[in-house]
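Let me begin by presenting the structure, written as structure tokens, before commenting on it.
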Amino acid sequence: MNNQPSGRAAPSGAAASGRKNEWPRFLLLAFVGLPITMTLAIAAYGFVVWFLQILSSDPVLICPIGTRGHALPRPPGIGQHAGATS
């Protein structure tokens, strides 16, 4: 007979032992899984930025904060052909 007001059966021994496994799983996720995931996400973002810079070969595509859309000045010799003169 079910005496629970919600209509559900009372928790069995299996459900109670399942709760004991929640803390180790949570700690594993919090201190191992999430840091690894965030590290991989940041590395992937860095790779995408690097690859876009390789494709564009111009620093305007990925604009640093504070430049307001203007390209940074290039050092002499960068982006010039071998025979070109300034």
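Table for the structure above
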{"item": "Integer Hz, Karplus 6.51/-1.76/1.60 couplings in order for region 35-47, x for Gly and Pro", "result": "x, 5, 5, 5, 4, 5, 5, 5, 5, 5, 4, x, 5"}
{"item": "Table column - 3J(HN,Hα) (Hz), region 18-29, Karplus curve with 6.51, -1.76, 1.60, x for Gly and Pro", "result": "x, 6, 5, 7, 6, 5, x, 5, 5, 5, 4, 5"}
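No lab work stands behind these numbers, since they all come straight from the coordinates. These numbers come from a predicted model, not from an experiment.
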